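For reference, the structure is listed below as structure tokens.
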Amino acid sequence: MVTPIPKPGVLDITPYVGGRASVGGVADPIKLSSNESALGPSPLALAAYEGAAKDVAVYPEGSASILREAIGETYGLDAARIVCGNGSDELLTMLANAYLRPGDEALFGEHAFLVYRIATLANSAVPIAVPEKNLRVDVDAMLAHVTPKTKLVYLANPNNPTGSYLPHDEVRRLHAGLPPHALLVIDAAYAEFVRRNDYEPGIEMVANFPNVVMTRTFSKVYGLAGLRIGWAYCPAAVADVLNRVRGPFNVSIPAQRAAAAALKDREHIQRSVEHNAHWRDWLTEAIRATGLRVDDSVGNFVLIHFPQTKGRTATDADRFLCERGLILRAVGNYGLPDCLRLTVGREDANRKVAAALAEFMRRP
Ligand SMILES: *Cc1c(COP(=O)(O)O)cnc(C)c1O
């Protein structure tokens, strides 16, 4: 039997599997597996979403101008250089579609977000996962892997699932070592959660260089993951390219309106950021107190390391927690088979996880 053959690379893709939402036999489990917002979206966003119901017979305005204007106003950016996407995943993929030819190379850190590899392989290009140092992107190693074929460099900053970040001067150093034909894509999905003086999400970089793009999302601090909305801030020429390759109506009317409304509720965002900072630090300390290693994180999640001792492994812990209705994320596919990633949740969820992990470590 002859079947149609996809482009080289496509069949090398391991399909992305999202965080589980249910576990067999447990009613109302707590989902802490996908870094969604603990507090959910602003009521203003929900009201705008519901209000859009009466308008769904009509195509959305294709360039998402109401949302681009709102983003531009909120962040002080030129709306003409913002491109919205059906989640930032779509933008990360569109960049690969537009800039990678077969055989080109895309660089990213060894434990980087899986979408980079998928988007690269889908374009018959070569993913280069560069070794990290202490679970953080190693700029020297990245630069050592640059070749004339390097067209894209994806940098998740902060990175998921490690929770680490590169300070601004390191991002500058990475960029300074890249040839002008390579595009640096700074994926700042967790930017709003970071409270470090030496962090810059990428706005300043995009303002200064023709080969830097920053992507952002409404899925995390804004609590709108289900609506699929992301945006990219780009040099004018890159925005022009993305506007040629994107789907003509890639962001729906309800999504545009909900996201624009979410931006207006600064108080809700502030509350979400405060909640996250408090409980992320609390979880880090509480889980360390059980004897487990937890890395410092600047995101809305923490990475927990488990020993390889029988009965105490990450797989054992995952099973133990699932039986108690607590769903974390196994990250073996990120090259971290001994870890689980825990999203910061509401207070009761955080307390339950910490107590369950303490029990897990105490049991004989
Ligand atoms: C969650 C996440 C995103 C956001 O993806 P969306 O498609 O916007 O939901 C992007 N990058 C990283 C590293 C993430 O963890």
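The values are calculated or read from the model by the stated rules, or taken from the named source; none is laboratory data. Remember, predicted model here, so these are calculated numbers, not experimental data. So basically every Cβ, Gly included, is an ideal-geometry build from the backbone, and we count neighbours across all protein chains shown. For the accessible areas, the whole protein counts, side chains as well, though only heavy atoms, and no ligand, DNA or RNA atoms are used. Shrake-Rupley method; radii C 1.70, N 1.55, O 1.52, S 1.80 Å.
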Residue list for region 284-307, restricted to those being part of a helix (DSSP H, G or I) and either among the basic types (Lys, Arg) or within 16 Å of the ligand (Cβ to nearest atom) (or both): Arg288
Name the single residue that is surrounded by the fewest Cβ atoms within 10 Å (Cβ to Cβ) among those in region 258-289 being basic (Lys, Arg) and within 23 Å of Phe306 (Cα to Cα). Arg288
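Does region 3-20 hold any residues that are open to solvent by less than 60 Å² (accessible area, probe 1.4 Å) and within 16 Å of the ligand (Cβ to nearest atom), and which are they?
Gly18, Gly19 - these are the residues of region 3-20 that are open to solvent by less than 60 Å² (accessible area, probe 1.4 Å) and within 16 Å of the ligand (Cβ to nearest atom).
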Flag for Ala349 being assigned to a helix (DSSP H, G or I), open to solvent by less than 10 Å² (accessible area, probe 1.4 Å) and closer than 16 Å to Lys31 by Cβ: yes
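Of all residues in region 21-68, how many are among the charged types (D, E, K, R), open to solvent by 50 Å² or more (accessible area, probe 1.4 Å) and either within 30 Å of Ala317 (Cβ to Cβ) or touching a residue at least 24 places away in the same chain (Cβ under 8 Å) (or both)?
4
Look at Gly226 and say whether it is surrounded by fewer than 23 Cβ atoms within 10 Å (Cβ to Cβ), within 16 Å of the ligand (Cβ to nearest atom), assigned by TED's automatic domain parsing to the domain that holds Glu73 and assigned to a loop (DSSP other than H, G, I, E, B).
Answer is no for this residue.
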Restricting attention to region 229-253, the residues that are open to solvent by 20 Å² or more (accessible area, probe 1.4 Å), assigned to a helix (DSSP H, G or I) and out of contact with any Pro (no Cβ under 8 Å at 6 or more places or on another chain) number exactly 6
Under 8 Å between Cβ atoms, which residue pairs at least 6 apart in sequence (or on different chains) link something in region 210-224 that is closer than 15 Å to Leu77 by Cα and polar (S, T, N, Q) with a partner that is at pLDDT 95 or above and in a loop (DSSP other than H, G, I, E, B)? Thr215/Ala188; Thr215/Ala189
Answer residue from region 201-221, given it is out of contact with any His (no Cβ under 9 Å at 6 or more places or on another chain), in a loop (DSSP other than H, G, I, E, B) and open to solvent by less than 20 Å² (accessible area, probe 1.4 Å) and is farthest from the ligand (Cβ to nearest atom) among those: Gly202
